[in-house]
Each structure stands twice: as C-alpha cells, then as structure tokens.
Amino acid sequence: MMPRIRRAVFACGATLLWCLPVCADDSAGGRTPAWPDTFVTRVEAVALLQTLNANLLSHDSATLTLERWCDVHRLASPARVVAVRVLDRDKPVSTEQRRELGVTAAEPIRYRRVRLLCGTVVLSEADNWYVPGRLTAEMNKLLDGTDTPFGKVVQALHFQRHTLSSTLLWFPLPEGWEMNPIPPKDPSAVLTIPSELLQHRALLTLPDGTPFSEVVETYTGGVLAFRVPAP
C-alpha cells in the first residue's frame, strides 16, 4: 500500500499539472527530450503519471484516452494514435483468463499484440486475448487484416472496461523522500525515465456484462516524451 503522503502528492499534483502548458519539441521525431533530474521535476513526473492513470481508469477506451493525452502534450500533429501489430509473438490464454472471459476450454480465443503510437512515439504495448465469437464478422476481419486499434474496432459495441489491476512500475521519488532530505544533484544531471511506467489489466464487457476481451497494457516512457513544464 502506498504511503498516505504519496497519495496526497499524486492527487494534488495531478490536478495542477494537467493544466500546465507544455512546449512542442523533437519527440515526434522519435527523440525524448531530456528532463533535468531535480526534486521538482520528479514531483512533476509523479503528478503526470497519476494524471494519466486517473484518465485511463475513468474512461472505457485506452486508445481514445491516449489520443487526448497525445493532443494535450503535443506529442504529434495530428494527434492520432495508431496500432502496429507485433506478428511474431504468441501468448497462450491461461485457465484463469478463460474463467474470467467465461468461455469453455474448447471455445476459440485469439491473441493480438500491438504497439500504440502517436506519431513515432510508442505510448503503450498491449496484449489482447479476445473471443471472436462475441464480435461481428466485420470486426474480426479488421482485427485479422489491419492494424486498427482494438478499442476503435469494437467501439460500436458500446463496451465497458473493468480494471482488474493497476500497477505503477516506476515511482520517481525515492523511498522515504518525505522524511529525509534529498541531496542536491549536479544541475546538468538528466532524469532517467524507464521504458515501462505503468501497467493495467482489464476486462472488456458488452453492455449486458458479457466479457469478450482481456487486455494487459504496459505504458511506456513515451508518455513523457515532451519537454518538462517550465517553472
């Protein structure tokens, strides 16, 4: 369980930083702008991650949420999220996933792995196990033959998203930061942002509650690929 003071930083910082302007930069060209490694920058990173997390948890479509994030933070113009399928990967569905999807051992389950990009910036990688028998023939055709994001393909189903787990993979502030002073760093030091920041596992259901997809989404350091807000 996260200490109460961490939750407080998340809550207040996220509200403030969502409104701060950011500058257009080289990130659309594939380069991540350097963030200075300062205490303030780390607090800003905490707030931004919590903002993204809250938005993902409060909306049914991760694709549309990332598209809004891309637009607000000027990661690309136009701010359009596209999926690139990873064709050489396969992850067999587990017994637990079949139980969560409410299918028998004999019912077909398809697997799809994609990277979601805004411009050239990879925002997330998603593993998706879905029940083709609960989708339309046209939806299955699009999923099999195109790179269209899953959320956009099944949007007409008016699906609901139920989060099974949400895990913060990187906390920018060191353990005990609220009780121990953090020694100042070299002004030229650059903050190292990991490749994976946040992971969600969710179940997608039809309006009547029938599950048809389980997704595991890992959000990358690309979500912070813009210049740190100026003081």
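At-a-glance table
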read-out: Residue within region 10-18 that is surrounded by fewer than 12 Cβ atoms within 10 Å (Cβ to Cβ), modelled with pLDDT under 90 and within 22 Å of residue 222 (Cβ to Cβ) present; value: no
read-out: Whichever residue in region 172-231 is touching a Leu at 6+ places or on another chain (Cβ under 9 Å) and of a type in the set (D, E, K, R) and, among such residues, is surrounded by the fewest Cβ atoms within 10 Å (Cβ to Cβ); value: 196
read-out: Check on residue 175, among the acidic types (Asp, Glu) and in contact with a strand residue (DSSP E or B) (Cβ under 9 Å, 6 or more places away or on another chain); value: no
read-out: Matching residues in region 115-149 - criterion: being charged (D, E, K, R) and over 26 Å from residue 210 (Cβ atoms); value: 115, 125, 147
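The values are calculated or read from the model by the stated rules, or taken from the named source; none is laboratory data. Note that the structure is predicted; figures quoted are calculated from it, not measured. All Cβ positions, glycine included, derive from the backbone under ideal geometry; neighbour counts span all protein chains shown.
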